[in-house]
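Notes follow once the structure below has been shown.
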Amino acid sequence: MRKSIVLSTLLAFGCYLTEAKSYDTKVVILGGGVSGISAALNLTANGIDDIIMVEARDTLGGKAQDVPFADVNVELGCNWVQGLGTNPINQLALKYKLRTAVTDGDDVVFYGEKGKINATERYNEMNKYYEIMSEDAIKRVKKDQVDLAGNVGLDIAGWYAKDAIDEAIEYYVWDWEMGESPELSSTIFTVVNDQWTYGETSFGPGSDGDSFVIDPRGFKHIFQEEAKKVFVPNDKRLLLDTTVTKIEYNDKGVTVHTKNGDTIHAEYAITTFSVGVLQHKDIEWSPKLPAWKLEGIYGFHMATYTKIFMNFPTQFWDDNQFTVWVDPDQRGYYNAWQNLNAEGFLPKNSSSNIFFVTATQDLSYRIEAMTDEEVKDEIMVVLRRMYGNDIPEPTDFMFPRWHSNPLFRGSYSNWPIGEMDEHHVNMKAPLNNRVFFAGEATSAEYYGFLQGAWFSGAEAGLKVSKCVKGKCPVSEYYPEITNAKLHASAIRSTLSKK
């Protein structure tokens, strides 16, 4: 009886009966997603194998997570190879023969409360004005003009959403891609980001395209296969099911504390936590992160992109790849639907009928606080407004909760209006040349994309390798970011009088 009471008390206070362990290593990599794997590969390639990787989940891959649904597997997180050609993610997909389907965003039909809407002409206009906005943004860069919010850039180009149809088109073209609205997004960096991945100057001819991953092995497969080049089965350098709770750092090294009481002492650390995790303070830092670092972290945005999967007894929707719902009252309300019954997506032996809708931003936050049943009921109201009251109930229903998950706190980053290059440099900059930062958000060119995660991990791995070898590169950061010397400044003139 006494032992039971003691055991219950220990468990209640989060104590563990296993003895806490202490590790010593040259480099600790925090996170086993795409950035962490890329960093590990580059450290190993540079002769640094005294490493430890810490991953909170029981497998590697980060947000590349597939789960059984109906009679297939679906991807909860990253789902597209975005940008083809020499894009390293595309090259890995080709190397491991990842099964994909070509995404055609123009294969879309629009629905309102009275059925199908002929919105193709207006949709094409939106894409035309987006291209004009892109050309304008490049001109602004060349003239050293200030950035604009996305909605302003679109308006200058000639696009303004006049009604619910326009709002639905705008959401489908912008929000469904960026994860946030034009009002929150940078015009210039949205265009730059788009050019780097799809402009063919980076990844060569034929890179302007997206491939939707439908491989039963999961998107994670290509990254886990690459990780095998570093970690052998049961590798003691790979700590799975291990959650980081605190990071201590100084100019001599780093100490990492974990939820199960273990400590890892390292000369260098590479953190790959998302900017959302850093903003939510899910990890304690000692000493506290400096002001310039916090300014960089909080200046960026972590978007949430939620795919809500439904399987039905029969297909009642159109054969197009995409369907857009024009809600008369709420912009972006269960707007973008994707048909996995479209040609080339589901396996031929599948009996599933999968139609899924994507939520972003505030709608994502709201549904994460609801039960699955509440969300399903809400969505079925929309579907019945589109296709009538006789459609069946789904037999399977599922969606992830990325924003509330403390390991992720969102899906991918977005460059907001007001974020300066210097803020981004500070977000990425190392601490004391001991703690280095990687992850898709730290890539100025490829933020929001898997290749951003891959490149940033490789860069961090290379820099730390040089540090280990005694040739640490000089790190750039801005202790203070000051206002531009503009002629008109109400703030400056007001404060100067005090």
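Taking R0 as 22 Å, what's the FRET efficiency between Asp24 and Lys228 from their Cβ-Cβ distance, rounded to 0.05? Mind showing how you got there, number by number?
Working: r = 25 Å, r/R0 = 1.13.
Once the sixth-power term is evaluated, E becomes 0.35.
Can you list residues whose amide H is under 5 Å from Asp262's amide H, if they're 5+ apart or on another chain and H is modeled 1.01 Å from N?
Lys21
Which of Ser352, Met420, Tyr365 sits closest to the plus end of the dipole of the range 347-422, meaning its Cα is farthest towards the positive end, when Lys and Arg get +1 and Asp and Glu get -1 on the C-beta?
The one lying farthest along the dipole's positive direction is Ser352.
Can you give me the long-range amide H partners of Val109? Hydrogens built in the peptide plane at 1.01 Å from N, cutoff under 5 Å, separation of 5 or more residues or another chain.
Phe322, Thr323, Val324
Quick one: 3J(HN,Hα) in Hz for the range 334-343, Karplus 6.51/-1.76/1.60 with θ = phi - 60°, rounded, Gly and Pro as x.
6, 7, 9, 10, 10, 9, 7, 7, 4, 4
In nm, to one decimal, how far is the Glu284 label point from the Ala45 one, both placed 7 Å along Cα→Cβ?
3.8 nm
Give a quick list of GluC sites (Glu not before Pro) in the range 388-484 that DSSP marks as loop, anything other than H, G, I, E or B, with at most 11 other Cβ atoms within 10 Å.
Glu476, Glu480
Through the Karplus equation 6.51 cos²θ - 1.76 cosθ + 1.60, θ set to phi - 60°, convert the phi angles of the range 115-131 into ³J(HN,Hα) values in whole Hz; use x for Gly and Pro.
Values per residue, Gly and Pro as x: x, 5, 10, 7, 10, 4, 4, 5, 4, 5, 5, 4, 5, 5, 5, 4, 5 Hz.
With the dipole of the chain worked out from charges on the C-beta (+1 for Lys and Arg, -1 for Asp and Glu) around the Cα centre, which of Pro430, Gly112, Thr442 lies farthest toward the positive end?
Of the options given, the answer is Pro430.
Hey, what do the phi angles of the range 211-216 turn into as Karplus ³J(HN,Hα) couplings, whole Hz, using 6.51/-1.76/1.60 and θ = phi - 60°, x for Gly and Pro?
10, 8, 6, 10, 6, x
Expected output is a single nm value to one decimal: the length gained when fully extending between Arg57 and Lys471, i.e. 0.36 nm times separation in residues minus the C-alpha distance. What is it?
The span from Arg57 to Lys471 would gain 145.6 nm if fully extended.
Nearest 0.05, what FRET efficiency do Thr263 and Glu393 give at R0 = 60 Å with Cβ-Cβ as r? Intermediate results must be reported in sequence, preceding the final value.
Working: r = 51 Å, r/R0 = 0.85.
Result of the calculation: an efficiency of 0.70.
Non-local amide H neighbours of Val28 (under 5 Å, H modeled in plane, Pro and chain starts lacking H): which ones?
Those lying under 5 Å, H to H, from Val28 are Ile52, Tyr268, Ala269, Ile270.
May I ask for the Rg/Rh ratio of the chain, computed from Cα atoms with Rh as the Kirkwood radius, given to two decimals?
0.99
With a point put 7 Å past each Cα toward its Cβ, work out how far Lys252 is from Asp155 in nm, to one decimal.
5.7 nm
Go ahead and collect, in residue order, the members of the range 33-65 whose backbone nitrogen is under 19 Å from a label point 7 Å along the Cα-Cβ direction of Gln91.
Zone members listed by number: 34-47.
Mind giving me the FRET efficiency for Met380 and Asp104? R0 is 35 Å, r the Cβ-Cβ distance, nearest 0.05 is fine.
Computed FRET efficiency for Met380 and Asp104 comes out at 0.80.
Would you list which lysines come within 21 Å of Lys376, measuring only between C-alpha atoms, while excluding same-chain residues fewer than 8 positions from it?
Lys307
Count neighbours as other Cβ atoms within 10 Å of each site's Cβ, and list the GluC sites (Glu not before Pro) in the range 312-396 that are DSSP loop with at most 13 such neighbours.
Glu343
With +1 assigned to the C-beta of every Lys and Arg and -1 to the C-beta of every Asp and Glu, and no other charges, what is the dipole magnitude of the chain about the Cα centre in debye, to the nearest 20?
Details: 49 positive and 68 negative charges, 458 e Å.
Its charge dipole is roughly 2200 debye.
Kindly provide the pair-distance distribution of the range 105-256 built from C-alpha pairs, with 5 Å bins from 0 and whole-percent values in order of increasing distance.
Reading the bins upward from 0: 2, 7, 12, 13, 13, 11, 9, 11, 9, 7, 5, 2, 0, 0.
So, in nm, how far is label Thr201 from label Thr314 when the simple model puts each one 7 Å beyond its Cα toward the Cβ?
Roughly 5.3 nm, to one decimal.
From Cα pairs below 8 angstrom and at least 6 apart in sequence, can you work out the relative contact order of the chain, rounded to a whole percent?
Averaging sequence separation for qualifying contacts and normalising by length gives 23 percent for the chain.
Using only helices, what value at 222 nm comes out for the chain when you add -39,500 (n - 2.57) per DSSP H run of length 4 or more and divide by the total residues, to the nearest 500 deg cm²/dmol?
It lands at -9500 deg cm²/dmol.
Figure the gain on full extension for Glu480 and Asn127 (residue separation times 0.36 nm, minus the Cα-Cα span) and round it to one decimal in nm.
123.2 nm is the gain from fully extending Glu480 to Asn127.
Every read-out reported here was derived from the displayed coordinates using simple, explicitly stated rules and does not represent laboratory data. Keep in mind that what you see is a predicted model, and the values were worked out from it rather than measured. Cβ sites come from the backbone with ideal geometry, for glycine too, and all protein chains shown count toward neighbours.
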